Amino acid sequence: QRVPVVVVGAGPAGLTVGNILRAAGIDCLVLETETRAFIERRPRAGVIEEWAVRGLERRGLARVLLERAQRHTAFEFRFAGERHRFEYTALTGSHHYIYPQQFLVTDLVREYADVRGGRIRFGVRGVRLRGLESDRPSVSYVCPDSGERRVVQAAFVAGCDGARGVTRAVLPSGRVRTARHDYGVGWLALLAEAPPSSDCVVFGMHPSGVAGHMARSPEVTRYYLQCPPGDDPDNWSHDRIWTQLRRRLAASGARPLVEGRLIEKRVLDMHGYVVEPMVCGRLFLAGDAAHLTAPIAAKGLNLALHDAFLLGDALVAHLSRGDDTGLSGYSAACVAQAWDYQEFSQWLAELYHGTASGDPYRAGAAVARMRRLFTSAVAATAFAEQYLGIRTSG
Ligand code: FAS
């Protein structure tokens, strides 16, 4: 079997690349280990930056999102019992879209497979890549129905298989650099079957640790609780969780938290990495396969879309017009964006974690960082631009 592009992974990155190729009439095969039902239900991110929504809209991929997504215009810090509301839309004119990632994946897979006639195999196993540095790379996989191994010749392979995929592992170790940062904390990632308890994202900086609140939908709310790295979610009972959330998010005049059944409880060891370069021969990495940002500043999904837009457009330019500029500039452009988002996540992490670090110096510096956002218009605007992913240049 031969196809111009094989995409490994049907997450936001892979499905966006597939949709862009199909819109240009280019054949493509997407390989996914999970079932369609599973990826359409898997809860993850929920904050999409306006430039990313415009990018989806220009590619005919945002119709449902624009109907259903909530728009957020502010953000709230809570510290020492006080609320500090940061009106980023008033400062920049831009806002965040709140749209659960599984809804976006559902839209993308429906558009790719049911509307644009894209080929996709769910439930595959044993994906292997061969000949990436030749002009005839191949991808093989075990077919879930027959159990036989199938080989597909391709001109290009898009490695979009996330943080635990296989494509990053085939990059020759001597030729890539993986930079990794460990934040030294865990975040207990929670999903509660409860309506949001605020009209915006809220983060509480507390001596016991940071806590976060963000709407995912009118019925479901994402919460985070800082915990020791490697902590066991079973150490966190329903009562302990809600007691800590109430304590760390307490502030005068704040609405009480609306409790609900916890439908997800997992510990994320907060770390980030960037793989450079993101290209090896005919393999192009995109999204978490190439870089992971801890979900501190809600950047991972947005970075995945950034890469997918560039990669999809570059592959179309090469395959339909023989124009290689996009492909040759792809890795440098994506790595620069990944570092910009890594740096902001690290800066915000220090603001969040300083108070509970046990180090009075870090705690003092964290308060100064937060205070500057409310005393300097220049600092506030710079923060808002980074928080919203507004690129003032390029
Ligand atoms: P994905 O991981 O989404 O998709 C990769 C796909 O490849 C998956 O479907 C996987 O099943 C498949 N796959 C893996 N190995 C394969 C193989 N060998 N063969 C074939 N297929 C394979 N980001 C934010 O911006 N904001 C947030 O609030 C946020 N919260 C998060 C909360 C949690 C609990 C987690 C885990 C992540 C969160 N993220 C958040 C980050 C997350 O949204 C990622 O950035 C985003 O899913 C990246 O998209 P992809 O690169 O497409 O990778």
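Values in this text are rule-based calculations from the coordinates and carry no lab data. The structure presented is a predicted model; accordingly, all values stated were derived computationally and were not measured. So basically every Cβ, Gly included, is an ideal-geometry build from the backbone, and we count neighbours across all protein chains shown.
The alpha carbons of segment 219-277 give a radius of gyration and a Dmax of 14.6, 49 Å, in that order. Placing a pseudo-label 7 Å from each Cα along the Cα-to-Cβ vector at His271 and Asp340 gives an inter-label distance of 2.7 nm.
Please compute P(r) over all alpha-carbon pairs of segment 244-388, binned at 5 Å starting from zero, and give each bin as a whole-number percent. Binned Cα distances yield the sequence 2, 8, 13, 14, 15, 14, 12, 8, 6, 4, 2, 1, 0. If R0 is taken as 30 Å, the Cβ-Cβ distance between Trp51 and Val367 corresponds to a FRET efficiency of 0.45. Computed as a quarter of the hull surface, the mean projected area of the alpha carbon convex hull for segment 1-89 stands at 8.6 nm². A cut-off of 5 Å between modelled amide H atoms, ignoring neighbours fewer than 5 places along the same chain, links Cys227 with Gly186, Trp187, Leu188.
Compactness of the chain was expressed as the Cα radius of gyration divided by 2.2 N^0.38 Å, which yields 1.00.
For Glu133, project a label point 7 Å along Cα to C-beta. Then give me every residue of segment 139-166 with its amide nitrogen under 17 Å of that point. Once the point is set 7 Å along Cα→Cβ of Glu133, 157 turn out to lie under 17 Å by backbone N, inside segment 139-166.
The Rg/Rh ratio of segment 322-371, with Rg taken over Cα atoms and Rh as the Kirkwood radius over Cα pairs, comes to 1.36.
Go ahead and run the numbers for FRET between Arg42 and Glu87, Cβ-Cβ distance against an R0 of 30 Å, rounding to 0.05. Taking R0 as 30 Å, the efficiency between Arg42 and Glu87 is 0.35.
Computed over neighbours whose Cβ is under 14 Å from that of Met370, the net charge equals +4, Lys and Arg +1, Asp and Glu -1.
Here the sum of -39500 (n - 2.57) over DSSP H runs of 4 or more residues, divided by the residues of the chain, equals -10500 deg cm²/dmol at 222 nm, to the nearest 500. Listed values for segment 201-215 are Karplus-derived 3J(HN,Hα) couplings in whole Hz (6.51 cos²θ - 1.76 cosθ + 1.60, θ = phi - 60°), namely 5, 10, 10, x, 9, 10, x, 7, x, 6, 9, x, 9, 8, 5, and x replaces Gly and Pro.
Our compactness index for segment 18-167, the C-alpha radius of gyration over the empirical 2.2 N^0.38 Å, is 1.33.
Screening the chain for whole DSSP H helices with an alpha carbon extent of at least 18 angstrom along the helix axis and a mean Kyte-Doolittle hydropathy of at least 1.6 yields nothing.
Across all Cα atoms of segment 289-366, the radius of gyration (one decimal) and Dmax (whole number) stand at 17.6, 59 Å. With K and R counted +1 and D and E -1, the other residues having a Cβ less than 11 Å from that of Arg2 yield a net charge of 0. The listed peptides 93-103, 378-388, ordered by packing as a protection proxy, come out as 93-103, 378-388 (highest mean of other Cβ atoms within 10 Å first).
Neighbours of Ile390 by Cβ distance under 11 Å: Lys/Arg scored +1, Asp/Glu scored -1, total -2. Put a plus charge on the Cβ of each Lys and Arg, a minus charge on the Cβ of each Asp and Glu, and nothing anywhere else: the dipole of the chain about its Cα centre is then about 260 debye. Contact order for segment 147-248, expressed relative to its length and based on alpha carbon pairs under 8 Å spaced 6+ residues apart, stands at 24 percent. Were the residues from Arg261 through Ala169 laid out at 0.36 nm apart, the gain over their Cα-Cα distance would be 29.3 nm.
Packing around the peptides 342-353, 321-332, taken as the average count of other Cβ atoms within 10 Å per residue, puts them in this order, highest first: 342-353, 321-332. Most tightly packed first, judged by the mean number of other beta-carbon atoms within 10 Å of their residues, the peptides 110-119, 150-159 read 150-159, 110-119. Relative to the globular-protein estimate of 2.2 N^0.38 Å, the Cα radius of gyration of segment 187-260 stands at 1.02. Taking 0.36 nm per residue of separation and subtracting the current Cα-Cα distance, fully stretching the chain between Glu350 and Ala251 would add 33.5 nm. The base-10 log of I(q)/I(0) for segment 37-81, evaluated at q = 0.30 Å⁻¹, reads -1.16 [Debye formula, identical scatterers on Cα atoms, solvent excluded]. Amide H to amide H distances under 5 Å link Cys28 with Arg119, where only residues 5 or more positions off or on other chains count and H is placed in the peptide plane.
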